[in-house]
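Working notes, beginning with the structure itself.
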Amino acid sequence: MRPRPLLTTSERSKLEPFVVATGDASPRDQRDLMERPFFSLAKARRTAPIRYEAGDVRVEVYAVPEHGMATIWDADVLIWAASQIVEAEDLGYKTSRFLRFTPYQLLTAVGRQTGARDYKLLKGALARLQSTVIRTTIRGGEHWRRHQFSWINEWEECTTRDGRVEGMEFVLPDWFYRGVIDRSLVLAIDPAYFRLTGGIERWLYRVARKHAGRQPKGWLFEISHLHEKSGSLVRVSDFALQIRRLVARQSLPGYRLRLERDSRRELLRILPAHLSTVPVDGGVDAAGTSHANDIGTSHAALSGLRTHEPQLTLWPETASPGLNLESNSESNSVVGPARSADKRAATSATTNPTSRNQPTLPFGHKPGGRR
């Protein structure tokens, strides 16, 4: 009898590791994730799936009861990973979907503490990112129309004998990695984003950055349409109340919010302001108004004030809810002859990394080899 071939249990055995050791990196976000709702916006555990379809774009997100759906706070891990990959590419280093790093690097980069509780919350975030399943036709090829993946394929921690975590590694899905190394699909974001505490507040900043960019006239949304774009499980009336509170607070870095009326419709105009703590690149070319056909309204008994509770940690210990419907060509369309905001404007920003005193990496000291 022939011996059975050994099965490869880890994707990491086929990938060259990208050791993160470049210090600070300007935060970058992936455009598909900014304009389409892939994450829960609330703190409570969410297991109800997201299903959204418009035109030829479809997004489905599924969660398991044990962990719940990945939240918009968990998405900070992906923003950090994208930032490190772009930084290394700019410096001429070879990158990979297989990242090795210290938890200290990630936590400090996204403005978190580095205590034992924060490391525990980080592991909870990685568990949700791995267990959340996404199916989408976004960036599907001519023949392969649907892609299924998780935000993290696998992850592992390296600990000392006394249980102290000194290193971590994870593997990103190819869909996300390809969306990062294509610079036309990446936008710089304001570091102040990580200080935003509300789920809808964070989501709205990403919408503002993607749609309004640096256009003088900004972007105009109907509130009911924003509710559909967000996929929030709260009622439209509660969602509108939260938007009004954000308008009163004016807390989005680099943007001003203004409520307008058109007959019986309530509209939100997002305007660029000179408040950003750092320049942002890749402004959107088109100006206009976003509208969408009615695609259904989600109702739930959850309080509309849930996402306005103080957010004490990056990753809530109680998983996450907040239905996210995708913002695609319909939600990005503009009135009249104006061009689509879905147009991919290539970004041209380069970064100047600054050094930071960090603990020694247990995996090595080079972020990949020179090209």
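Where the second residue is at pLDDT below 70 and small (Gly, Ala, Ser) and the first is crowded, with 19+ Cβ neighbours inside 10 Å and lies in segment 1-28, which pairs have Cβ atoms under 6 Å and are six or more apart or on separate chains? Once the first residue is crowded, with 19+ Cβ neighbours inside 10 Å and sits in segment 1-28, its partners that are at pLDDT below 70 and small (Gly, Ala, Ser) give Phe18/Gly368; Val19/Gly364. The residue list Gly218, Gly282 contains one member that is more than 30 Å from Glu89 (Cα to Cα) and modelled with pLDDT under 95, which is Gly218. The residues on offer are Thr159, Thr132, and the sole one that is more than 20 Å from Ile270 (Cβ to Cβ) and surrounded by fewer than 22 Cβ atoms within 10 Å (Cβ to Cβ) is Thr159. Please verify whether Gly68 is under 17 Å from Leu196 (Cβ atoms), part of a loop (DSSP other than H, G, I, E, B) and over 13 Å from the mean Cα position of the chain (by Cα), treating the condition exactly as stated. No.
Return a yes/no flag: does segment 96-115 have any residue that is farther than 24 Å from Phe194 by Cα, in contact with a His (Cβ under 7 Å, 6 or more places away or on another chain) and open to solvent by less than 60 Å² (accessible area, probe 1.4 Å). Looking for residues that are farther than 24 Å from Phe194 by Cα, in contact with a His (Cβ under 7 Å, 6 or more places away or on another chain) and open to solvent by less than 60 Å² (accessible area, probe 1.4 Å), one finds none in segment 96-115, hence no. Does Ser184 meet the test of being within 25 Å of Arg45 (Cβ to Cβ) and open to solvent by 10 Å² or more (accessible area, probe 1.4 Å)? Taking the combined requirement at face value, the residue does not satisfy it. Tyr119 meets the stated requirement of being open to solvent by 10 Å² or more (accessible area, probe 1.4 Å), assigned to a helix (DSSP H, G or I) and touching a helix residue (DSSP H, G or I) at 6+ places or on another chain (Cβ under 6 Å). Filtered by the rule that a residue be out of contact with any strand residue (DSSP E or B) (no Cβ under 9 Å at 6 or more places or on another chain) and either at pLDDT below 95 or surrounded by 22 or more Cβ atoms within 10 Å (Cβ to Cβ) (or both), segment 162-177 gives Asp162, Gly163, Arg164. Do the conditions hold for Glu157, that is, is it within 20 Å of Asp74 (Cβ to Cβ) and part of a strand (DSSP E or B)? Yes: the conditions hold for Glu157. Summed over segment 66-79, the residues that are farther than 19 Å from Leu187 by Cα and surrounded by fewer than 24 Cβ atoms within 10 Å (Cβ to Cβ) give a count of 2. Regarding Arg45, is this residue open to solvent by 10 Å² or more (accessible area, probe 1.4 Å) and either assigned to a loop (DSSP other than H, G, I, E, B) or under 23 Å from His211 (Cα atoms) (or both)? Yes; evaluated as a whole, the condition is true for this residue.
Residue check: is Asp190 closer than 19 Å to Ser96 by Cβ and either open to solvent by less than 60 Å² (accessible area, probe 1.4 Å) or out of contact with any Asp or Glu (no Cβ under 7 Å at 6 or more places or on another chain) (or both)? So Asp190 fails the test. The residues listed here are Ala82, Ala63; of these, the one that is buried (at least 23 other Cβ atoms within 10 Å of the Cβ) and within 30 Å of Trp219 (Cα to Cα) is Ala82.
Of the candidates Asp74, Asp29, the single residue that is under 17 Å from the mean Cα position of the chain (by Cα), of a type outside the set (Val, Ile, Thr) and not in a strand (DSSP E or B) is Asp74.
The values are calculated or read from the model by the stated rules, or taken from the named source; none is laboratory data. Predicted model only: the values in this text are computed from it and were never measured. Glycine gets a Cβ as well: all are built from the backbone with ideal geometry, and neighbour counts include every protein chain shown. Keep in mind that these areas ignore ligands, DNA and RNA; they rest on the heavy atoms of the full protein, side chains included. Shrake-Rupley method; radii C 1.70, N 1.55, O 1.52, S 1.80 Å.
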